[in-house]
Amino acid sequence: MSRAVSIWPASADPIGSTKSGLVAAGTAGPGWARGNSKIVNDVVGLIVGGLALGCVYALVATGVVLTYKTSAVFNLALGAQAFTAAAVMYSLRNNLGLPLILSFVVAVLIVGPLLGLGLYVTLFRRLRNVPEAVRLVVALGVLILLPAIVQALWFGKGGNRGSPPALVLEQDKVYAWGPVSIPADQLSTILFTILVVVGLVALFKYTNLGLQMRAVVESPRMVQLAGINADRVSMISWMLSGTIAALGGVLLAPLFLSITPSNYTILLVAAIAAAVFGRLTSLPLTLVGGLALGFLQQALSRYLPSDSVLAQGLRPSLPFVVLFLLLLFWPGLRDRREVTDPLAGVDPPASSIAGTVRASKDTSKVLPLTLGTVVIVALCLLLPGIWMYRITGAIVLSTIFLSFTVLTGMAGQISLCQAAFAGAGAYGAAQLANHFNVPIMVGLLVGGLVGLAVGMLISLPTLGLRGIYLTLATLAFTLMVDQIVFPLEQVGGGPAGLEVPRPYWSGFIDFSDDRAFFLLCVAALAVAALVVWLVRRGTTGRFLDAIRGSETGAASIGINPSRAKITAFALSALIAGVGGVLLSSWQQRTSAGDFGVGNSLLWALVVIILGARTIKGALAGGFLLVLFPELLKAAGIPNPEAWQGVVFGLGTFVFVRHPEGLVDAIGGWYQRHFGRPERTTEEVRRIVTIDLSEPEPPAGNGASSPQAPYTAGVGPLPDTAGAVAGTAGGGSYRYAQAGSGPPQPPSMPAPPSFGGT
Amino acid sequence: MSQPMPPAPGWQPQIPMAPPEPQIPPAPPVPQVPIAPPAPQVPMPQQAAPADPAGYVTAPVAAVQPGPEPAVPLLTLDYVSAGYGQFRALFDVSFAVPMGCAVALLGPNGAGKTTVARVCSGLVQPTNGAIYLGHQEITGMPAHELRRLGIAHAPEGRSVFASLTVEENLLLEFRSSLGKTGAPAALERAYSWFPRLRERRNQIAGTLSGGEQRMLSLARVLADLPRLLIVDELSLGLAPIIVDEVFETLDTIRSQGCTLVVIEQHVNKALELADRVVILQKGRVVYDGPTDELGDLVGQLIPGL
């Protein structure tokens, strides 16, 4: 779609677009083309070039390992931190003309640690006890937020004042020893990496701070019992990892022609692959992994024929392929001994991201809801054409977002490959339409099936992966598909994209008119929403609820987690596939980046922040994503794409406090302040459930004096939750929402609907 | 389990080797104010009994009898409530730990004993109420600051850093409390008390046996005696003979002036050691008084005894 945020331009090729600097030996011209006599130099050049690239990978990978080891956060934001430091460095050096050393000090030694510290203090400090999924989404938000801020504020078009500065005293100097010759910038990269890795190993092995850092990983609580400020230790380690990421970012910059966030996302994925190779703990293994990846990538760029499309795609996406394979097959990862915190029980158990609210069984709202929808749809038909068109887009996007509702909201899996499903469906339908004249109406079904097939393809091998590893696998999968498969002529139609007609079938069915197409999209959305609603109410929904709570527990009562998860993946991919066809048909063509990783990340972020659990959340996401940039444009704000990223990225700060999603949070706030006092039984049950899932705030008000014997409602409680709230008195629902009422007495028999107290 | 254990000297700190107490200086101020008990002390456990709603056995209450105890207890819990997330574990718990005493904290499973220990050491923040160390209010202070004030907590279960070596476990503690200069001496003391640990100094702590891990967590605390030591189920999973030794060790360190709060499943052992007993049930104090006045109430208050 046209408003892809520019974090991922279509062709991001770290090798293809590099300067000639990576060809080390035989300096001038393509050294490898000179015949066999140069083969020694060739190999040496390969090693040196691979070494430099691998060193940068290894550097950032040590940053990943460091934050994971010291704060249990898988810091996806490191890529963004590296980008920011590189952008600062570039601006200081090239735009302002400051001396190299000064720029380096500011970008790496000041901005780097401050960014790490800022992220820790504002976001990640509170996240130790939240579900891993929330941490992941927050990191994702920062990954989008930081580059967006940098681009929105001053770095809009990237660097356009010469190539990024290398960390060398003399540019373009080449050091030579016999057959080995190394350009200065590569030498400095290698030296810096050695410095950092040796320094880190020494830190962990020989210093008290390193000892404390290692201890904090295991149990911050026990570190505190030893009289050490665990928070301070975490802060220092975040500053350290921020510095390392900044250094990696600054070192990587000269390997590319310009500084774009996409290059740094590649760097991040490569670093993650190296870190995964090091089992997320071992620094030496991580170094080896980074170097190996650098060599491998260098070797591929040298020895693969450069004209094949597959090779074109494979070279830059090698890190993704490696990461995907490592996640699936690297035994070190599965056998990793999870050192558990002996004091884990001190902190409240993490509640699931998808809370406790089940779909309402109250059908009394169906009629007003339907009528309201019909009226709104009818009103929409009166809108001027361009707004009609935009709202259609929002509805199409909402349909795609319902696939998140199934997979993330119901199954609790954070998938970053929904755009790949949508793309598979769209390209499948478009190719059929273009080559075999299959009408798009049929293509809708075919697209759904293609999406479903891709969904099965990804879900089967990743069944054993949990949490963060599944997310990383889906990210790697998206990157692979985006880089290797979608650019193929036979799939995505090459650089030109594909023409996608509006649904039309020999005169009987004609949706080519904008209004007719709008109605079709509304119908598709309604069907998808109904399916999601029914599935959530039904057995599968209950199974998924159980699995989200505890996979082992669900298995122990006879639920097959694999089957339920595959079902969720399949349904989700089906919806995404159909949505993808509609999306391309809405635009009447596909273009590069429509279904790329940039959209994948942004979509996931928007839906999860707004509420992945509810259909409302998906709707809000679709409308926000389509209409918000239009508002920005209407307000005359330059660089609206970057600002959009800033706003959605900032949403993570709110999300940290409301992991149930903004739509629900706003709804709750509205109900508290303006809602009706009388609730239906169903609503009261819902509210009471929310109350129990929220931590009890400290009772600071004198009104609920703890000494006062508890009298209200001590008697035998009625069975239904509605009646419970009734006995609790006039402000019943307020009490339930805010949770600030008098404490429950311990001897009170818990009503069955509450579960055990 | 008992086989690798050294004989009793291995467990018992030799008193002559004990260091001159670095924490003694903060202690004296307490007896200096015997005349006027400070404000925080006023809402003392007397009120706990009338507020007890559920009709539990009303306990003979601590502060009623003046006795030889110092006027200001070392640790005072004043209507402390606490919980985990939405779950509430403690309801208005009040009791005092007099200076130099050993207090046994008893009660059935799920009574809130461990939560009391965590609240005292700052791991869990009370949602209501206040905690005092001597005169100083320590409510809401983080655990690491309380450790520096002299409250040490040996938590329940495996409480060593499993991924660090034995020596690193000890150094982590000593370096923070004694500084780099004091750490080697403390390390030496710990090793002389527990020679077994010296043998295993470079072993990863997670691979130690249960008894050795207990030794390690005790050695971490004992090489630098705190003012208040809270031990949570120290004898869990240990052979009976070693349990005896653990209790002898606790007795010894009490005689060196360290105040103890002991949580135990071995009720009889705990009662032998303790001067006072606090019994919890369902998050409330149902008994708080001297051990000798407990009599056969203990059978009523702790089911299954």
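The table below gives the values:
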read-out	value
For region A:539-668: rounded, prolate or oblate by the Cα gyration tensor [a/c cutoff 1.5]	oblate
Long-range HN-HN contacts of residue B:285 with modeled amide H, under 5 Å	B:94
Nonlocal amide H pairs with residue B:153, under 5 Å, H built at 1.01 Å	B:230
Centre separation in Å (Cα based) which lies between region B:76-130 and region A:381-448	56 Å
Probe 1.4 Å, protein heavy atoms only - accessible area per residue of region A:174-254 in square angstrom	33 Å²
Between region B:254-275 and region A:508-540, the alpha-carbon center distance in angstrom	70 Å
Accessible surface, per residue, of region B:236-305 when the full set of protein chains is kept, probe 1.4 Å, Å²	39 Å²
Total formal charge among the other residues, if their Cβ is under 12 angstrom from that of residue A:402, Lys/Arg +1 and Asp/Glu -1	+3
Average accessible area per residue (Å²) across region A:437-503 - probe 1.4 Å, nucleic acids and ligands excluded	37 Å²
Protein heavy-atom accessible area occluded, B/A pair - total, 1.4 Å probe, Å²	3500 Å²
From phi via Karplus (6.51, -1.76, 1.60), per-residue ³J(HN,Hα) for region B:198-211 in Hz, x at Gly/Pro	5, 4, 9, 4, 9, 7, 5, 4, x, 9, 6, 6, x, x
Residue A:117-residue A:389 pseudo-label distance in nm [points 7 Å out on the Cα-to-Cβ vector]	5.0 nm
Computed E for residue A:288/residue A:650 - FRET, C-beta separation, R0 41 angstrom, nearest 0.05	0.60
Distant-in-sequence amide H partners of residue B:84 (H built 1.01 Å from N, under 5 Å)	B:89
Förster radius 41 Å - calculated FRET efficiency between residue A:110 and residue B:125, Cβ distance, rounded to 0.05	0.70
Shape category assigned to region A:475-529 from the gyration tensor of Cα positions, a/c cut at 1.5	oblate
Separation between Cα centres of region A:278-293 and region B:131-201, rounded to whole Å	33 Å
3J(HN,Hα) from dihedral phi, region A:436-453, Karplus parametrisation 6.51/-1.76/1.60, rounded to Hz, x for glycine, proline	10, 6, 6, x, 5, 4, 5, x, 4, 5, 4, x, x, 5, 4, x, 4, 4
Average projection area in nm² (convex hull over Cα atoms of region A:91-201, one quarter of hull surface)	10.1 nm²
Where chymotrypsin sites (Phe, Trp or Tyr not before Pro) fall in DSSP loop in region A:494-540, at most 10 other Cβ within 10 Å	A:508
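The values are calculated or read from the model by the stated rules, or taken from the named source; none is laboratory data. Everything numeric here is computed off the predicted structure, so don't read it as measured data. All Cβ positions, even for glycine, are placed from backbone atoms using ideal geometry, and neighbour counts span all protein chains on display. SASA here: full protein model, heavy atoms, side chains in, ligands and nucleic acids out. Shrake-Rupley method; radii C 1.70, N 1.55, O 1.52, S 1.80 Å.
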